[in-house]
Amino acid sequence: MKKAAQSEAPAAEFARSLVLTPAQDWGGWLLGKAGRAGLLLITGTSVLAVLLIFVFIIREALPFFRARGLGEALGETEWYPTHQPAEFGMLAMLFGSLYVTAGALILAVPTGLLTAVVLSDIVPFRVRQTVKPIIEILAAIPSVAYGFFAVLVLAPWMQKNLGLSTGTNALNSSVMLAIMAIPTIVSVAEDSLWAAGSDLREASYACGATRAETLLKVVIPAAHSGVIAAIVLGMMRALGETMLVWMASGNATHIPTPWWDLTQSVRTMTATIAGELQETPVGSIHRHALFAVGLMLLSFSFLLNLLTEHLLRRSKRVAGGTKR
């Protein structure tokens, strides 16, 4: 009898009946609809906020383009907003922003990706769990602290040991921007490499591949979307940085001659906005010109994001064998 009672015991006990009453069914449906509506509201609010930012900046920048035109902004290098007549050439600032960003990526991308590979596949797990949080802490350091280090430590060192006339230059900014971008690149890339899983690695080893072959031909290609995203995020961090480049770039509005000379001072778009916006009267052509600079920077970043999304989708189609 005892065994029979045990065999008749239910396999599992549920706090909620499997057969719902009409009220419970209706309540669950309403709860699901409310959850979807809440998520849609949050997403829509984010999209609306971005659109409103675009509208506000475009509205403030339009008076400048109506008065001066796009030709002066992108065709001239002289930026003298207080002269008579004023000059609003933005080409040198655009070049300066891309210049220090490219220099930072040249230093940060190889270093960040190698560090991510070492943490994900070479060092023991305990070392990874200790080192990775330390690297990520670097991303929490304020940019003004990096700026003080660049001005008070790195700039004098460059002047003394490299024989430069000034230590606040494009090289100084690029080195510090690379240090700021490395934690982002390492964190995102390492997560992507780790997410590739041990099954993929073991299958590669079972086919006779070495560790280097597995990393270069299996793991990294499998995590290519995350690696690209890490590089893009690092690039956006460098391109949108303000305080550091304002303090360490030298703020010279010109295109270096020769163009590859990183030891010359440059000026970026973000540093120009941060340095001049608070000193311009509302409604002046100078203020509208600064909003035009911001619009160019925002548009450039937006186009880079679209290009990255296109490349990611294209690479996924190629990897899936559905390229047309």
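In the range 201-227, the residues that are among the aromatic types (F, W, Y) form Cβ pairs under 9 Å with partners that are part of a helix (DSSP H, G or I) and surrounded by 15 or more Cβ atoms within 10 Å (Cβ to Cβ), at six or more places apart or across chains, as follows: Y205/T214.
Those residues that are more than 23 Å from L171 (Cα to Cα), surrounded by 13 or more Cβ atoms within 10 Å (Cβ to Cβ) and not acidic (D, E), I need them from the range 88-122; list them, please. Give the derivation first.
Pass one, the range 88-122, residues more than 23 Å from L171 (Cα to Cα): 88-89, 116-122.
Next cut, surrounded by 13 or more Cβ atoms within 10 Å (Cβ to Cβ) only: 88-89, 116-121.
Once the filter is applied, which keeps residues that are more than 23 Å from L171 (Cα to Cα), surrounded by 13 or more Cβ atoms within 10 Å (Cβ to Cβ) and not acidic (D, E), the range 88-122 yields F88, G89, A116, V117, V118, L119, S120.
In the set (1) in contact with an Asp or Glu (Cβ under 7 Å, 6 or more places away or on another chain); (2) of a type in the set (A, V, I, L, M, F, W, C); (3) more than 25 Å from G294 (Cα to Cα), L177 fails one condition alone, (3). The residue that is modelled with the lowest pLDDT, counting only those in the range 272-307 that are surrounded by 13 or more Cβ atoms within 10 Å (Cβ to Cβ) and of a type in the set (V, I, T), is T280.
Going through (1) closer than 27 Å to N251 by Cβ; (2) under 16 Å from the mean Cα position of the chain (by Cα); (3) crowded, with 16+ Cβ neighbours inside 10 Å one by one, L164 falls short only on (2).
Please tell me if R59 is in a helix (DSSP H, G or I), farther than 30 Å from I285 by Cα and charged (D, E, K, R). Criteria not met by R59.
Considering A181, A209, A196, the condition of being small (G, A, S), closer than 23 Å to T111 by Cα and over 16 Å from the mean Cα position of the chain (by Cα) is satisfied by A196 alone.
Answer yes or no: is there a residue in the range 106-123 that is assigned to a helix (DSSP H, G or I), more than 23 Å from the chain's Cα centre (by Cα) and either of a type in the set (S, T, N, Q) or more than 18 Å from M296 (Cβ to Cβ) (or both). Even if it seems obvious, please write down each step before you answer.
Of the range 106-123, the ones assigned to a helix (DSSP H, G or I) are 106-121.
Then drop every residue that is not more than 23 Å from the chain's Cα centre (by Cα), which leaves 121.
From what is left, the residues that are either of a type in the set (S, T, N, Q) or more than 18 Å from M296 (Cβ to Cβ) (or both) are 121.
The answer is yes; a qualifying residue exists.
Taking residues in the range 24-42 that are surrounded by 10 or more Cβ atoms within 10 Å (Cβ to Cβ), and partners anywhere that are modelled with pLDDT of 85 or more, not one pair has Cβ atoms closer than 9 Å while being at least 6 places apart or on different chains.
Those residues that are of a type in the set (A, V, I, L, M, F, W, C) and under 26 Å from the mean Cα position of the chain (by Cα), I need them from the range 74-104; list them, please.
So in the range 74-104, the residues of a type in the set (A, V, I, L, M, F, W, C) come out as 74, 79, 86, 88, 90-95, 98, 100, 102, 104.
Scanning the range 74-104 gives L74, M90, L91, A92, M93, L94, F95, L98, V100, A102, A104.
Within the range 141-169, residues that are within 25 Å of R237 (Cβ to Cβ) have Cβ atoms under 6 Å from residues that are outside any helix (DSSP H, G or I) and among the β-branched types (V, I, T) in these pairs: A155/T168; N169/T263, counting only partners at least 6 apart in sequence or on another chain.
Please identify the pairs in which a residue from the range 234-263 that is part of a loop (DSSP other than H, G, I, E, B) has its Cβ atom under 7 Å from the Cβ atom of a residue that is of a type in the set (F, W, Y), counting only partners at least 6 apart or on another chain. Listed pairs, sorted by first residue: T253/W79; I255/F95.
The lone criterion from (1) in contact with a Ser or Thr (Cβ under 8 Å, 6 or more places away or on another chain); (2) within 25 Å of I185 (Cβ to Cβ) left unmet by M93 is number (2).
Taken as a whole, the condition of being under 23 Å from the mean Cα position of the chain (by Cα) and farther than 24 Å from P133 by Cα applies to L171.
So that you can scan it fast, the table gives a plain yes or no per residue for (1) surrounded by fewer than 19 Cβ atoms within 10 Å (Cβ to Cβ); (2) modelled with pLDDT under 85; (3) out of contact with any Ser or Thr (no Cβ under 8 Å at 6 or more places or on another chain):
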site	(1), (2), (3)
N172	no, no, no
L200	yes, no, yes
A209	yes, no, yes
V218	yes, no, no
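When you check M269 against the structure, is it at pLDDT 85 or above and touching a Phe, Trp or Tyr at 6+ places or on another chain (Cβ under 8 Å), yes or no? So M269 fails the test.
The values are calculated or read from the model by the stated rules, or taken from the named source; none is laboratory data. Since the model is a prediction, treat every value here as computed from it, not as a measurement. Note that each Cβ is placed from the backbone with ideal geometry, even for glycine, and that neighbours are counted across all protein chains shown.
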